[in-house]
Every structure is written in structure tokens, then in C-alpha cells.
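K.L.:
This is the structure I want to talk about, given as C-alpha cells.
The values are calculated or read from the model by the stated rules, or taken from the named source; none is laboratory data. Everything numeric here is computed off the predicted structure, so don't read it as measured data. Cβ placement follows ideal geometry from the backbone for every residue including glycine, while neighbour counts extend to all protein chains displayed.
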Amino acid sequence: MKQLTDQDIAKMVGIDFTPNDTDTRRAVRSELRLSRRIPTTPPPPSAHATLDLHQFTEEQAWAAILTLAQSGTRTATIITGASGILRQKFPQWATASILTPYIISYSPINNGSFSVKFKKQQKSTSH
């Protein structure tokens with residue numbers, strides 16, 4: 001298959017063809033609607049999240065809760081289950097661990113879940 005040269009393109013278009021990478025990129029982005037498909041800024045965190053910890057190990061649950069606390073979500077429902085170690089561990093983690101600075105308050109909703117309010121996260125300015 002022959003590769004098209006600038007002269008080939010100029011002949012097909014019928015005008016002088018001068019490649020311009022900036023214009024080409026803009027045209028391609030516009031044609032593919034990339035500005036809508038690839039957001040330029042990350043979406044803001046949701047105001048509320050639900051985290052179901054059923055079938056999680058203690059380590060997986062800890063990592064998931066810490067990630068949620070650091071995500072910028074302001075409130076969450078954390079489902080630990082009515083029995084088991086996670087039901088016992090969550091209050092300990094919320095009051096006496098590296099998770100504590102992220103939490104404003106928490107309260108049991110029922111025998112197997114907690115309502116949690118997280119502190120607003122400061123935007124990082126380090127580069």
C-alpha cells in the first residue's frame with residue numbers, strides 16, 4: 001500500500017496543502033468529540049458513597065476504608081455485617097488509627113453498618 005505524500009493530498013484536495021499539526025489535532029479531537037470523552041480534569045468525588053465490606057478480609061477492608069477516606073467523599077455508609085471482626089474493628093480504626101484524622105464522626109445505623117462523615121480534604125499543591 002502506497003503512503004500518501006503531501007503532494008498526493010494536495011492533488012486530491014485541489015489546493016496547496018501545508019500540514020499543520022495543531023490544526024490536524026484540533027480537527028481530529030473535534031471529529032472524535034474527545035473533549036467530551038476524555039475530561040480534562042478528574043471528576044469531583046461523590047458526596048456520598050456506600051462501601052460494602054462483606055467478603056473482605058481485614059486487610060482488604062482497611063485498605064478500602066482508607067482509600068474512601070482519602071478520596072474526598074464527604075459521607076459514607078460502611079456496611080461491615082452484623083457479626084465478625086470488621087464490625088468490631090471499624091470503631092477501633094475510626095478512633096485510634098491513621099484513619100482518625102479523616103473522620104469527623106461515625107454512628108451505627110443498624111447492627112451491621114455505620115454512617116460516617118469525613119473531613120473535607122485539602123487539595124495537594126505539591127509538584
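K.L.:
Any idea which residue in the range 104-127 is modelled with the lowest pLDDT, counting only those that are surrounded by fewer than 18 Cβ atoms within 10 Å (Cβ to Cβ) and assigned to a strand (DSSP E or B)?
P.N.:
ASN110
K.L.:
Another one. Being of a type outside the set (D, E, K, R), over 19 Å from the mean Cα position of the chain (by Cα) and either surrounded by 18 or more Cβ atoms within 10 Å (Cβ to Cβ) or not in a loop (DSSP other than H, G, I, E, B) (or both) is the filter here; which residues of the range 77-98 pass it?
P.N.:
Pass one, the range 77-98, residues of a type outside the set (D, E, K, R): 77-86, 88, 90-98.
From what's left, over 19 Å from the mean Cα position of the chain (by Cα): 79-86, 88, 90-98.
Correct list: ILE79, THR80, ILE85, LEU86, GLN88, PHE90, PRO91, GLN92, TRP93, ALA94, THR95.
K.L.:
From GLN60, GLN70, which residue is assigned by TED's automatic domain parsing to the domain that holds PRO108 and under 14 Å from the mean Cα position of the chain (by Cα)?
P.N.:
Working: GLN60 fails: under 14 Å from the mean Cα position of the chain (by Cα).
Exactly one residue qualifies, and that residue is GLN70.
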